[in-house]
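Just so it is clear, none of the values below were taken in a lab; they were calculated from the coordinates. Keep in mind it's a predicted model, so treat the numbers as computed, not measured. Every residue, glycine as well, gets a Cβ built from its backbone with ideal geometry; the counts of neighbours run over all protein chains shown.
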């Protein structure tokens with residue numbers, strides 16, 4: 001992201017310094033040294049840009065990257081690693097103090113707002129994961145892995161919007177539940193909170209309830225649940241903690257549902273009178289701004305709940321189904337290769353199955369992992385040019401909504417024609 005492959009290599013070398021120099025996981029150290037190493041080699045390259053004699057470019061590039069990487073690795077080993085380790089031990093002391101006096105649920109006052117502002121990965125992997133790893137070594141499980149990853153608060157909020165919401169928020173929430181609770185993509189519920197900020201109280205209440213239940217039952221996970229899917233949570237649950245973990249998810253969802261429901265019901269009449277749909281579209285834009293890039297998962301919310309026949313009214317979708325060659329394998333591609341593309345692949349797979357068509361595979365991948373050996377690639381419209389670069393010989397279909405696009409029917413019709421011809 002900072003300086004391409006060259007920046008990535010130097011950033012990796014620098015990161016190895018803090019990893020080797022510390023006795024705890026170095027997620028925060030990596031967050032510092034990776035981008036820093038890439039940015040510094042970018043500045044170093046600018047010093048002699050255009051000044052190197054022809055034939056010496058590789059020599060200068062290799063030596064400059066190696067020397068800078070070596071310096072940064074040493075700096076990370078002796079400088080950054082001890083600092084991060086000291087901060088981690090201080091945080092561990094603070095967390096242990098909260099546990100000892102029964103106030104760990106108060107952590108949700110910081111964690112839940114932090115998640116909505118896209119500090120969730122920094123909080124979970126930068127703070128709780130290293131501390132949790134230490135606890136696992138001592139007792140075989142850790143409650144810290146569930147403070148941020150518990151899918152209950154988000155589930156409760158989305159359920160409330162499904163029942164008591166209005167407009168686009170109500171229409172899109174049911175589909176978002178599947179992605180959030182089963183797919184583990186928690187960012188899908190952030191726009192709902194931002195569209196009505198007071199619902200952050202529901203997230204805090206639900207999160208604190210989940211933590212309190214886990215404290216009560218002394219339950220925890222054996223390793224981080226990533227993504228925060230209910231499947232990942234149950235897979236990592238310690239053998240003696242299933243009752244506590246399951247109850248923590250249920251209780252967190254119930255409390256966040258009740259609080260969100262009260263908030264939505266209290267403001268429903270006013271919202272209906274002024275035609276307020278919660279300004280979900282604006283909230284999606286804010287969420288993407290917090291994330292720092294567009295999100296294919298969040299992009300689906302803009303068109304979610306729109307009947308397939310009316311999808312053209314939401315945004316123009318394009319289809320390039322002009323090739324006459326047979327289609328044997330179809331790939332749904334997005335940035336991460338999970339979440340929304342997985343859901344889209346499932347939708348089309350079911351349509352193909354209902355049509356009685358055999359011999360066609362439908363999978364989902366990240367665009368970066370695409371190979372030019374597929375017949376058809378389906379992407380969101382803004383990602384199609386990137387997919388075409390990776391798979392120039394494939395057919396491409398662009399959609400705005402992975403969950404509900406009329407283009408899927410076109411694909412099925414072509415497959416039927418192909419099946420009949422055979």
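Structural remarks
- Debye log10 I(q)/I(0) at q = 0.13, 0.19 Å⁻¹ for the range 358-422, Cα point scatterers: -0.37, -0.79
- FRET efficiency for residue 23 and residue 369, using Cβ-Cβ distance with R0 set to 22 Å, rounded to 0.05: 0.05
- Between residue 361 and residue 182, the distance separating the two model label sites (each 7 Å from Cα on the Cα→Cβ line) works out to 2.3 nm.
- Chain lengthening between residue 218 and residue 97 when straightened (0.36 nm per residue, less Cα-Cα): 42.0 nm
- Residues 181, 332 arranged by fewest to most Cβ contacts within 10 Å: 181, 332
- Among 230-242, 85-97, the order from most to least packed when residues are scored by Cβ within 10 Å on average: 230-242, 85-97
- The range 4-101, Rg to Rh (Cα coordinates; Rh as Kirkwood inverse mean 1/r): 1.18
- Residue separation of residue 258 and residue 138 scaled by 0.36 nm, minus their Cα-Cα distance, works out to 39.5 nm of gained length.
- Of interest is the spacing of the C-alpha centroids, which for the range 119-186 and the range 333-384 amounts to 26 Å.
- Treating each Cα of the range 81-186 as an identical point scatterer and summing with the Debye formula, the log10 of I(q)/I(0) at q = 0.11, 0.17 Å⁻¹ comes to -0.44, -0.86.
- With viscosity 0.692 mPa s and temperature 37 °C, the Kirkwood radius over alpha carbon pairs of the range 168-220 converts through Stokes-Einstein to a diffusion coefficient of 263 µm²/s.
- Simple spin-label estimate for residue 71 and residue 47 in nanometres, 7 Å along Cα-Cβ: 0.6
- Shape parameters for the range 106-289, alpha-carbon atoms, Rg then Dmax in Å: 16.1, 57
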